[in-house]
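Data block below; observations after.
Read-outs throughout are calculated quantities, based only on the coordinates presented, and are distinct from any laboratory measurement. All figures in this text were calculated on a predicted structure; none of them were measured in a lab. Cβ placement follows ideal geometry from the backbone for every residue including glycine, while neighbour counts extend to all protein chains displayed.
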Amino acid sequence: DIQMTQSPSTLSASVGDRVTITCRASQSVSTYLIWYQQRPGKAPKLLIYDASSLQSGVPSRFSGGGSGTDFTLTISDLQPEDFATYFCQQTYTVPYTFGPGTSVDVK
Amino acid sequence: EAQLVQSGAEVKKPGQSLRISCKGSGFRFPTYWIAWVRQMPGKGLEWMGIIYLDDSDTKYSPSFQGQVSISADRSTSTAFLQWRSLKTSDTAIYYCARSPSAFYGMDLWGQGTAVTVSS
C-alpha cells in the first residue's frame, strides 16, 4: 500500500491567515492526489482533484500543488467556515489511501 | 439534484450480520464508481473498497478484504456494504461516495451511517 503522511497534524490560525498543509506519499502518485475538507459531524467534501484542479463550487482561496510524492494545500485568507480537518488521498493505486488528516483550529 | 442517501443508524451485537445501503438519485448511476469509507470514532478516513456500477467490478483494500462485501443493484441505483459477523471494532460511521473515476476523486458523499456494535 502507498502510505500517506500529512504535516502538521494540527495547525492553529486566525481568520485572514494564509495556511499551507503538506501531504507526502511513500512513492510517486503522479498527480492522482485529492484533497477533502471535513467539518465536525459532516461528510467529507471534495476540494481539489488532480493535485491542483479546483472542484466546481469550491472557493478560489483554496489551491493545491505538487506532483510525484510531495503536495500542498494552501488556503489564502482563511475564513471562519474553513476551520475543519483536511485529508489528502492518493488515487493512483488501490487501495486509495488517505493521509491522517490536518486539523485547522482557531488560534 | 444529485444525492446519495444512506440507510439509518444501526445498533448490533457482536456476531450479528448487517447490510447497509446507499441509494443514488439525480444522476446516471451506472456510469460511476461507489466507494465505501470508514471513520472510527475520533479518527481519520479509511478507504474500504469500490464498486463500478455498470459491471459490478469491485476492488477492496487488503485491510477489509474478506471482512466486508460490497455489492450494487443497478435496478434500484443502490450500493450495499455487508458484514457476515460483526465485531465491536466495526463500530464506526460508514460513508458511501460517488467517483467518476480515480482521477476525479469522490465528488458526492452520503450522509453517513453510524454502526454501533456492542454486547
Task: Net +/- balance of residues flanking B:GLN3 in space, Cβ distance below 15 Å, scoring K and R +1, D and E -1 - done: +3
Task: Zero-based 10 Å bins, Cα pair distances in chain A, whole percents - done: 17, 52, 28, 4
TODO: Using a Gaussian network model of chain A whose springs link C-alpha atoms within less than 10 Å, name the residue from A:VAL58, A:VAL94, A:VAL29 with the highest mean-square fluctuation.
DONE: A:VAL94
TODO: Scan chain B and hand back the longest stretch that contains none of the trypsin sites (Lys or Arg not before Pro) lying in DSSP loops with at most 15 other Cβ atoms within 10 Å.
DONE: B:44-83
TODO: Quick one: what are the phi-derived ³J(HN,Hα) couplings along the stretch B:68-74, Karplus 6.51/-1.76/1.60 with θ = phi - 60°, whole Hz, x for glycine and proline?
DONE: 9, 10, 10, 8, 8, 10, 4
- [ ] Evaluate peptide B:36-46: per residue, the Cβ atoms of other protein chains within 10 Å of its Cβ; return the mean as an integer.
- [x] 3
Task: Per-residue average of Cβ from other chains inside 10 Å of B:11-22 - done: 0
TODO: Please quote Rg/Rh for chain B to two decimal places, taking the Kirkwood radius as Rh and restricting both calculations to Cα atoms.
DONE: 0.95
TODO: Name the residue farthest towards the positive end of the dipole of the stretch B:1-77 from the options B:GLN16, B:VAL68, B:ILE50, assuming +1 on Cβ of Lys and Arg, -1 on Cβ of Asp and Glu, about the Cα centre.
DONE: B:GLN16
Open item on the list: Can you give me the long-range amide H partners of B:LYS12? Hydrogens built in the peptide plane at 1.01 Å from N, cutoff under 5 Å, separation of 5 or more residues or another chain.
Closed with: B:THR116, B:VAL117, B:SER118
Task: Dipole magnitude of chain A, debye to nearest 20 (Cβ charges: Lys/Arg +1, Asp/Glu -1, about Cα centre) - done: 120 debye
Open item on the list: Using a Debye calculation, one point per C-alpha and no hydration shell, please list log10 I(q)/I(0) for the protein assembly as shown at q = 0.09, 0.12, 0.14, 0.16 Å⁻¹ in order.
Closed with: -0.36, -0.64, -0.86, -1.10
- [ ] For every other residue with a beta carbon closer than 12 angstrom to the beta carbon of A:THR93, add +1 if it is Lys or Arg and -1 if Asp or Glu, then tell me the sum.
- [x] 0
Task: Efficiency of FRET between B:SER118 and A:LYS107 - r from beta-carbon atoms, R0 30 angstrom, step 0.05 - done: 0.20
Open item on the list: Below 10 angstrom from the Cβ of B:SER56, what's the summed charge of the other residues (Lys, Arg +1; Asp, Glu -1)?
Closed with: -3
